[in-house]
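Following: one structure in structure tokens, then a few remarks.
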Amino acid sequence: MISDYGEELLNRMFADYESVYKSSVDDFLSKKSITMEKKGECRTYIAINPDDMKIIGFFSLGVRCLEIPDDCGLSKNLLKKMNRSEDNIAQAYLLGQLSRAEGYKGFGKTLIDEALLKVREAYDLVGCRLLRIDCMDKLIGYYEEYGFHYVKKNADKDLNQMIMVL
């Protein structure tokens, strides 16, 4: 991202971006994405409209561990596939941010498909069979359509932790 566009141009593009949900996702792009990219904490992928060079959506990918308790409601078969440690911790890729711009209805599917391609490339290289996403209550059904399973609320109780087994 930084090598393709440079920090100065990215900051200008980020300042103009407004997500359809107008939430902390916007703050991530403008305030955290470049720093986290430089630290190697995640990679952010942006989609740009070539006609006006405006961002029409983005997603970020990283790696985070997730506690998945036995009583989370997932099937025993699914729990076995997760390679959890003895203390129920599983390594997972994190689809940490996903956002589309206002006026691009349906583009979220394209972003998810692209994120899944990147995660599957990483899986082929290094393994790790879980993909995690943290989402608002109103998006649980949306992500279930893609094969994500609800695990639990996060520690702050403001987002839902969901996983997909690759």
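Overview of values
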| quantity | calculated |
| --- | --- |
| Listed residue (Ser60, Tyr93, Ile2) projecting farthest to the positive dipole end of the chain, Cβ model | Tyr93 |
| Cross-link table Lys38/Lys153; Lys80/Lys157; Lys105/Lys153; Lys32/Lys54; Lys81/Lys152, entries beyond 24 Å C-alpha to C-alpha | Lys38/Lys153; Lys80/Lys157; Lys105/Lys153 |
| The stretch 1-157, dipole about Cα centre (Lys/Arg Cβ +1, Asp/Glu Cβ -1), debye to the nearest 20 | 420 |
| Electrostatic dipole magnitude of the stretch 15-107 [Cβ: Lys, Arg +1; Asp, Glu -1; Cα centre; debye, to 20] | 260 |
| P(r) weight above 16 Å for the stretch 1-69, C-alpha pairs, percent | 48 |
| Theoretical ellipticity at 222 nm over the chain - DSSP helices of four or more residues, -39500 (n - 2.57) apiece, nearest 500 | -9000 deg cm²/dmol |
| Accessible area of the chain belonging to carbon and sulfur atoms, whole % at 1.4 Å probe | 48 |
| Value of relative contact order over the stretch 105-166, rounded to a whole percent, pairs C-alpha under 8 Å and six or more apart | 33 |
| Length released on extending from Asn88 to Ile2, taking residue separation times 0.36 nm less the Cα-Cα span | 27.3 nm |
| Principal-axis tilt of helix 7-16 within the chain, Cα atoms, nearest 10 degrees | 80 |
| Accessible area per residue, Å², the stretch 1-128 with all protein chains present, probe 1.4 Å | 60 |
| Heavy-atom accessible area order for Phe59, Phe107, largest first, 1.4 Å probe | Phe107, Phe59 |
| Among (1) 105; (2) 126; (3) 196, the entry derived from the coordinates for volume of the Cα convex hull per residue in Å³ | (2) |
| Nearest 10 degrees, 0 to 90: helix 107-126 Cα axis against the chain principal axis | 60 |
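The values are calculated or read from the model by the stated rules, or taken from the named source; none is laboratory data. This one's a predicted model, so the numbers in the text were calculated from it and none came from an experiment. Heads up, the Cβs are rebuilt from the backbone with ideal geometry, glycines too, and the neighbour counts pull from every protein chain shown. Note: accessible area is taken over every heavy atom of the protein model, side chains too, but ligands, DNA and RNA are not part of it. Shrake-Rupley method; radii C 1.70, N 1.55, O 1.52, S 1.80 Å.
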